[in-house]
1. With a sphere of radius 15 Å drawn around the Cβ of Glu153, what net charge do the other residues whose Cβ falls strictly inside it have (Lys, Arg +1; Asp, Glu -1)?
2. How big is the Kirkwood radius of the chain, worked out from every pair of different alpha carbons and given in Å to one decimal?
3. Describe numerically, in nm with one decimal, the distance between label points set 7 Å from Cα along Cα→Cβ at Glu147 and at Asp28.
4. Sorted by mean Cβ packing within 10 Å, highest first, what order do the peptides 253-261, 91-99 take?
5. What area, in nm² and to one decimal, does the C-alpha convex hull of region 345-390 cast on average over all directions?
6. Which whole-number percent is the relative contact order of region 132-214 (Cα, under 8 Å, 6+ apart)?
7. Which GluC sites (Glu not before Pro) from region 357-421 combine a DSSP loop assignment with at most 14 other Cβ atoms within 10 Å?
8. For region 1-56, what D do you get in µm² per second when you plug the Kirkwood radius from alpha-carbon pairs into Stokes-Einstein at 10 °C and 1.306 mPa s?
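Bear in mind these aren't lab numbers, they're just calculated from the coordinates by the rules spelled out. What you are looking at is a predicted structure, and each value in this text was computed from that prediction instead of being measured. Every residue, glycine as well, gets a Cβ built from its backbone with ideal geometry; the counts of neighbours run over all protein chains shown.
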Amino acid sequence: MTQYVVAIDVGTQSTRAALVDVEGIIHDVASSPIELYAPRPGWAEQDPEQWWETTVANIAAVIGRHPTATIGAIGVAAQMHSVVALSASGASLTDRAAIWSDKRCLDQVNAFERRADAEELSHLAGNRPLPAWAGFKMGWLRANAPEVYENAESLLVAKDFLNYRLCGEVATDPSEASGSFLCDAASGKWSDVLVDALGVDAAKLPEIVDSWSVIGTVRKDVAGRTGVAEGTPVVAGSGDMMCQLLGSGITKPGRVGLVSGTASIMSLAAESASPDFRIMNLRSASGDWIRFGIEDAAGESLRWFVDTFCPAGDPGQRRGSLESLVPQAALVEPGSGGLLFFPYLLGERTLGSPHSRASFIGATIGHERAHFVRAVMEGIALEDRRALECLCPAGVHGPIRASGGGASSSLWNQIRADVFAHPVQVLASAEGGIQGAAILAGVAAGWYSDAAAGAEEVVRVAETWAPSPDAVRVYEDAFRIFCAVHDALDGHWQAWDDRIK
């Protein structure tokens, strides 16, 4: 009888659960939409209970369609850096949790940067201070919702909150711990110095265990609601980005991966964290390091443009649909007639200011809607190239592997290959997050010796896009102008924010 694992993927736009076999083949997937709230500029929130209830419904749906399936383990991949304040009874103490792209804790970050030992502590954490890191969100909670903070038994990210609900155990993995700014990058343990510097109570932090470690088993009540047998092992899992990269085979130093989703993440597998503070570092799901740069609003920028400027009722351009827009954008020459898009709807995290705003530059009366759509796709790729040049100053070795929803677009993959002047590959399975979570569960099920070995067994390349020499020349000029315009605007965003408050 075939054994499966259940892989859970919680993103920003949806939650999913899948049945996956030892060869990495996905046999069934159930998905549920989730809501994103932005009550103030710079805030981004979601309801933890919606994560949980939709996850339960997703698991029940796939198990209901395969009632005789034997489940060897459960693995969770989820959006990183969110913070859920959990009561002793396991309830979320707030209706909504600040997620990865939320920047409300900027005051905490700025205060930290004024410390005389800020640089020393940043090297200890393996990252520069940023609003994304979970520890600063915890500090914000303590300063702005002290009653919630004090009543919290644990402070958990989304993945660990879901694991707690599944098995009743509190734990985290190295990928999330390294993204908290509370963990010693060298030792992989919580740092008393960093915990004290951010004003966080160490007793509220979970134990750190390997991403493939079994932390508990499915509870009786969860078994009754989902159909998964009570006692099924639950592994610690990893952040969705780390699972995407694991599911893309980005496990050996020097391999480069691009995760294209709501955010766009350019990543390099490495043996250690980078000392370059323009670059961020996280422990990988397989145990080494991932160096990366990120655009918080990449795929979100494309969705925003379509939803905002292609309203319902416009023939062939239904709200939220790209089916008719992308073929039109493909007819536009590379470079979009000089139109540039800067994808900073949620500010910048890697190479600019969190106050940055999105913009189109270079529009003329000759530009039509298709030019704007292509310019959005090109602008995201140009921003990815800025990160790529920081990660690989000596050049890229081997093809860049693209995963995530944005990797399903042939036009976009060709744009990337041309902008990067380097081949871009996609994989046989486009579900990198699910694949990575399944690999981690597969280690617990006894399928693979370790996570990296599992990735080598199941990851298969499907297609490669080679750069076009003519387009490469166009984008070389576009990239030079893109960087110059970015740098000219970069110093003004703080004043812009101050003006409109």
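1. Local net charge: -3.
2. For the chain, inverting the mean 1/r across all distinct Cα pairs yields 22.9 Å.
3. About 4.5 nm separates the two model spin labels.
4. Output ranking for 253-261, 91-99: 253-261, 91-99.
5. On the way: hull surface 14.7 nm².
Averaging across all directions leaves 3.7 nm² for the Cα convex hull.
6. Numbers: 91 pairs, mean separation 29.5, N = 83.
Worked out over region 132-214, it gives 35 percent.
7. Taking region 357-421 and a limit of 14 other Cβ atoms within 10 Å, the loop GluC sites (Glu not before Pro) found are Glu368.
8. 124 µm²/s
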